[in-house]
Every structure is written in structure tokens, then in C-alpha cells.
Amino acid sequence: MEWLTDTWPWYISGFLIGMVMIALIFFGKTFGMSSNLRSLCTIAGAGKFVDFFNFDWKAQRWNLVVVLGAMVGGFVAVHYMSNPTNVDLNPKTIAELQVLGFDAPNGRLAPSNMFGNEAFQSPKMLAILLVGGLLIGFGSRYAGGCTSGHAIQGLSNLQVPSLKAVIGFFVGGLTMTWLLYPLIF
């Protein structure tokens, strides 16, 4: 069972993602997580105020199950199937994190003072999380989808708008990491 808790190689994970994409194409479905926000807003009654949310969300019920499965699967993977000894960061990365004020992850995927309960105790971190969430929500709506929809579904269907969006995601990520991130922290 050790193979289940270790990090899987890219060729196994990539193959499994490819099989899911083939199944979705076969059944005429599209994949993306941000589209579920529209469904959830519609369920909550936002269609009474904004026409964008006035659509048949029941046709997208299957995608809500995907989100639930991702949340349950993530919880199970982190709490019952993870092996913290296989998270091995470069010592230079750990040193750079410490310069920015973050603890070493110590077997976790991310520093706890950035993504753990400590983040909610700092007004600065709370503001960064809220503003970041709003920007991601706006950006995914403006781009016509999120990274999973464009990078996985769109590119597998050879859609040029998805290629443009993915290039924009990478440019934005690099800009944030190398220019804005050191200014914020």
C-alpha cells in the first residue's frame, strides 16, 4: 500500500486525467471548477437579481458532484493517504521562504502560517486572501473559465482561447511570484 501514499509520477497522473477527459468528451460534458460558482449562485437565488445567473443549473448537477468529490477526495488524501516524508523541498527554496517570513513546510504542501489557521489571525494575511479570492473569481469569469477548465479541458480539445488563457495564467503567476510577491511580503 506504500505506492498509494507516495507521490505518483506524472505519467500515471497524466494518464488518469487523460482518461477522465476522454470520458467527458464521450458523454458530451465539459470540465471546469469555476462554472460551479455560477450554479451555486443560481441555486441561492441570484437569478432574481442578475440575468447571468438565470439558467437551468440542474443540467450541471453532475459537475457539482465533481466538486464534492474533489473536496472529499482531497480531505481523504491529506488526512489518510499522505506521506509527509516524500515532500522534499530544495534547501534554497526553504531559505527563500524564511526570508519572506514563512516557516519551512516540514512535510506539508504549504507553510502553515500562509495557508493554516495562522493566516486567519493576521489582518494582513486575511486581506491578502480576500483580495486574492476576489481577483481569482473575477479573472476566471473574465477568462471564461479557470485553470482546470482551460488547461485541462480546453487544451485537450485544442481550443485556441484556452491556449491564450493558459499563457495568461503563466504570465500572471510569474509576475506575481517574481515581482509582486516580494513587495507584499
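The values are calculated or read from the model by the stated rules, or taken from the named source; none is laboratory data. All values reported here derive from a predicted model rather than from experimental measurement. Note that we place each Cβ from the backbone using ideal geometry, even for glycine, and neighbour counts take in every protein chain shown. Side chains are part of the model used for accessible areas, which takes the heavy atoms of the whole protein and leaves out ligands, DNA and RNA. Shrake-Rupley method; radii C 1.70, N 1.55, O 1.52, S 1.80 Å.
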What residue among Ser156, Ser34, Ser13 shows peak mean-square fluctuation when the chain is described by a Gaussian network model with Cα springs under 10 Å? Ser13
How big is the accessible area of Trp8 in square angstrom, nearest 10, if you roll a 1.4 angstrom probe over the protein chains? 100
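Counting only protein heavy atoms and a 1.4 Å probe, tell me what percentage of segment 110-167's accessible area is made up of carbon and sulfur.
Result for segment 110-167: 73 percent of the exposed heavy-atom area is carbon or sulfur.
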Calculate the dipole size of the chain relative to its Cα centre from +1 charges on Lys and Arg beta carbons and -1 charges on Asp and Glu beta carbons; express the result in debye to the nearest 20. 620
Over the Cα atoms of the chain, compute the convex hull volume and normalise it per residue, giving Å³. 164
What are the extents of the Cα atoms of segment 1-85 along their three principal axes, in Å, largest first? 51, 30, 15
Among Gly32, Thr42, Ser148 the positive-end extreme of the charge dipole of the chain (Cβ point charges): Thr42
Counting only helical runs of four or more DSSP H residues, what would the 222 nm mean residue ellipticity of the chain come to if each run contributes -39,500 (n - 2.57) and the total is spread over all its residues? -17000 deg cm²/dmol
